[in-house]
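Data first, discussion second: the structure below is written as structure tokens.
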Amino acid sequence: MNTQHDTLEPAIRECADAVAALATGIRDEQLQDPTPCEKFTVADLVEHFGGTLLSSARAARKEAQPGESATALGMTPQALADAANRASAAWSDPAAYDGATEFGPGELPAVVAASITLQELALHGWDLARATGRPFALSEETERIALGAVEQLAEAARGNGAYGPPVPVSADAPAFQRALGVSGRNHVWNG
């Protein structure tokens with residue numbers, strides 16, 4: 001039994017389902033709107049997020065990543081929804097969590113790649129929801145697991161510029177609000 005799969009897979013699936021539903025509702029007129037990610041419009045975030053999820057699916061299947069020149073050019077909201085579903089399906093295999101895999105800048109433990117996938121789905125899903133005025137609701141269990149992933153990755157993510165400085169959040173706030181704060185996001189961001 002792979003306990004990492006048993007913990008992370010349901011959270012990845014729930015977040016991927018929420019992202020897919022959210023992405024299919026993004027309207028063309030929203031693509032140039034700002035997001036909580038200062039450097040990204042909605043269109044930029046869709047492009048970045050979709051490419052990351054496609055890379056995540058390859059990582060789960062232990063496939064080689066394309067070179068740096070290969071990008072997800074032309075990622076649409078529907079393609080993002082499809083990428084979320086692909087990543088979720090790939091991480092549904094318990095073997096995906098075993099050993100090492102290529103993801104991001106190099107090789108890392110597959111379970112870390114799964115944690116990165118979860119925090120990408122949760123945080124960027126929330127970013128897109130806030131930017132487009134849509135809800136992004138997760139179960140308490142998934143919020144708790146996402147918080148654990150964000151906390152696990154925070155130091156490295158802050159070091160490479162993926163997270164900003166922590167935003168203070170009450171210790172008794174819901175787990176996902178705390179995850180947002182750890183990642184440098186203000187849970188009340190409103191454009």
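Please treat every number below as a calculation from the coordinates, not as lab data. Model, not experiment: these values are computed from the prediction. In this analysis, Cβ positions are derived from the backbone assuming ideal geometry, glycine residues included, and neighbour counts consider all displayed protein chains.
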**OP:** Scan around ALA100 for amide H atoms under 5 Å from its own, H built in the peptide plane at 1.01 Å from N, and keep only partners 5 or more places away or cross-chain.
**Re:** ALA110
Subject >> Under Karplus coefficients 6.51, -1.76 and 1.60, residue-wise ³J(HN,Hα) of segment 151-158 in Hz, glycine/proline x >> reply: 5, 4, 9, 4, 4, 5, 5, 5
Original post:
About its Cα centre, how strong a charge dipole does the chain have in debye, to the nearest 20, once Lys and Arg get +1 and Asp and Glu get -1 at the Cβ?
Top reply: 180 debye
**OP:** With θ set to phi - 60°, apply the Karplus curve 6.51 cos²θ - 1.76 cosθ + 1.60 along segment 26-32 and write out the HN-Hα couplings as whole Hz, x wherever there is a Gly or Pro.
**Re:** 6, 8, 3, 6, 8, 5, 9
**OP:** Order the peptides 38-50, 78-90 from the highest to the lowest mean number of other Cβ atoms within 10 Å of their residues.
**Re:** 78-90, 38-50
Subject >> Answer label, with Rg and Dmax of the Cα atoms in Å calculated from the coordinates and candidates (1) 21.3, 82; (2) 15.4, 47; (3) 18.5, 55 >> reply: (2)
Original post:
Where does each of 54-66, 94-106, 10-22 land if you order them by average Cβ count within 10 Å, highest first?
Top reply: 10-22, 54-66, 94-106
Subject >> Debye log10 I(q)/I(0) at q = 0.12, 0.15, 0.26 Å⁻¹ for segment 108-176, Cα point scatterers >> reply: -0.33, -0.52, -1.37
